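The values are calculated or read from the model by the stated rules, or taken from the named source; none is laboratory data. What you see is a predicted model, and the numbers here were worked out from it, not measured in a lab. Positions of Cβ are generated from backbone atoms using ideal geometry, with glycine treated the same way; all protein chains shown enter the neighbour counts.
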Amino acid sequence: MSRLFVLAAFAVCLASAQTTPNDYSNSKSWLCRPGVLHDACDIDLTTTVITADGRLSRETWTADTNAPIDCFYVYPTISTDPTPNSDMIADAAEMNVIRQQFARFGSKCRRYAPLYRQVTLAGLRIMLGRGGGGISLDRGLQYDDVLNAWNYYLEHDNKGRGIVLIAHSQGSFILTRLIREEIDGKPVQARIVSAILPGATIAVPRGKDVGGAFQHVPLCRTASQIGCVIAYSSFRATMPPPANTRFGKVADQNMAAACANPAALSGGSGELHAYLPTDGGMIVGTTPPKPWVSPEQKPDQKPDQKIDTPWVSLPGLLTAQCATNDNATYLEVTLHGDPAGRRTDSIGGDVGGSANPQPDWGLHLVDVNLAMGNLIDIVGSQAKSWLGQRR
């Protein structure tokens, strides 16, 4: 089958799909939505906390069924459907990304995550194969679906509650446009607690926190600030953005990529509170990790002496700060391994894996995982501020 035929078939498929809006009154159009008994957010988030000396403890998790605010999430490019835009059937990829990036926010908010006909991994490869010049992740069917889901949610579910917008990568590009066109400077902005938009390049004037992509929505600089944005793209300190970086670069010399460090919103360096899958799974693919502790555990060890939870947390291993080099503004992530400790001093997250990391992508696959604990704490503080202001 020729490339031209494939592209033509994709175009026909896309055109026909555009004529049929999704029905967001149907619970099957949502990955997570309150009132559904078992949805994609209904998962085990139990975590093993591993200190540098190899000590283990267990951290449990429960959702707050009386959470005072809502979270509305748009997931990144993860669909393995062979067409350029995905269908509306939740496959393993969609279920996994909820597990990785969104379910844990249920301790602070009611969770809404619409399915949408996103640009798939196959579609993205075609775009990149054309040189990337035609890539438009915030235009077309994928944006129309999210806009329709957003409008349905506002009309039928929100009821004046505060909202945290959460996304990553393709989702962040989509929500950036939605904020700019549907929220920024409009009455609904009063309901926005914050927006968390990592993995995309969002422009702000150099040295300023507002302007550029948004005219009335600034970057967050304290955990209690509301109506603001947290945006960043993470790179290893040992592998900063190269000249061909995909994130953190803005063409306009008067602008820079937004960076609000979730580990230290007011500036400087701070500790990242990461939640990483025990098996090395990421939003796309799995990189089997090195042993979390060494020597490895034995099968007959007591439950509190072995790692049998789906998640691990590694206090003290990671810090982050916003940084700028000749190519980009980005979140610089530093690992602080202890050569004398029993805990691992490495993490995954590179596109291409540890054997063939692609520096232009940075730590894109774990942008959210790296700061999950920090982001949840921030959302909790912001929710209190929003509720206090409303009273």
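Here are a few things to note about the model shown:
- Selected residue (criterion: farthest from the chain's Cα centre (by Cα)) from residues of the range 229-262 that are outside any loop (DSSP other than H, G, I, E, B) and closer than 15 Å to G212 by Cβ: M255
- Breaking point among (1) in contact (Cβ under 8 Å) with a residue 24 or more places away in the chain; (2) closer than 30 Å to D91 by Cβ; (3) not small (G, A, S), for T286: (1)
- Within the range 204-216, residues that are outside any loop (DSSP other than H, G, I, E, B) sit with their Cβ atoms under 7 Å from residues that are surrounded by fewer than 16 Cβ atoms within 10 Å (Cβ to Cβ) and among the polar types (S, T, N, Q), at 6+ positions apart or across chains, in these pairs: P205/N254.
- Looking only at the range 178-199, residues that are assigned to a loop (DSSP other than H, G, I, E, B) and closer than 18 Å to H168 by Cβ come to 3 in all.
- Looking at S194, S169, just one residue is buried (at least 24 other Cβ atoms within 10 Å of the Cβ) and within 20 Å of Q118 (Cα to Cα), and that residue is S169.
- For the range 101-134, filtering for residues that are more than 20 Å from the chain's Cα centre (by Cα) and either in a loop (DSSP other than H, G, I, E, B) or modelled with pLDDT of 95 or more (or both) leaves 5.
- So D377, is it touching a residue at least 40 places away in the same chain (Cβ under 8 Å) and either under 16 Å from the mean Cα position of the chain (by Cα) or not in a strand (DSSP E or B) (or both): yes
Here is a yes/no grid of residues against (1) in contact (Cβ under 8 Å) with a residue 60 or more places away in the chain; (2) in contact with a Gly (Cβ under 9 Å, 6 or more places away or on another chain); (3) farther than 22 Å from C71 by Cβ; (4) among the small types (G, A, S):
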{"residue": "R110", "(1), (2), (3), (4)": "yes, no, no, no"}
{"residue": "L121", "(1), (2), (3), (4)": "yes, no, yes, no"}
{"residue": "M127", "(1), (2), (3), (4)": "no, yes, yes, no"}
{"residue": "H156", "(1), (2), (3), (4)": "yes, no, no, no"}
{"residue": "G160", "(1), (2), (3), (4)": "no, no, no, yes"}
{"residue": "L165", "(1), (2), (3), (4)": "yes, no, no, no"}
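- Only residues that are part of a helix (DSSP H, G or I), modelled with pLDDT of 50 or more and among the basic types (K, R) were counted across the range 1-40, and they come to 1.
- Number of the condition not met by L137 [criteria: (1) touching a strand residue (DSSP E or B) at 6+ places or on another chain (Cβ under 7 Å); (2) part of a helix (DSSP H, G or I)]: (2)
- Answer residue from the range 343-373, given it is outside any helix (DSSP H, G or I) and in contact with a Gly (Cβ under 7 Å, 6 or more places away or on another chain) and is farthest from A231 (Cα to Cα) among those: R343
- Checked against (1) assigned to a loop (DSSP other than H, G, I, E, B); (2) among the small types (G, A, S); (3) more than 16 Å from the chain's Cα centre (by Cα), S57 passes all but a single condition, namely (1).
- Verdict on V293 being modelled with pLDDT of 90 or more, hydrophobic (A, V, I, L, M, F, W, C), more than 17 Å from the chain's Cα centre (by Cα) and farther than 30 Å from K208 by Cα: yes
- Single match in T334, T344 (criterion: in contact with a strand residue (DSSP E or B) (Cβ under 8 Å, 6 or more places away or on another chain), at pLDDT 95 or above and on the phi < 0 side of the Ramachandran plot): T334
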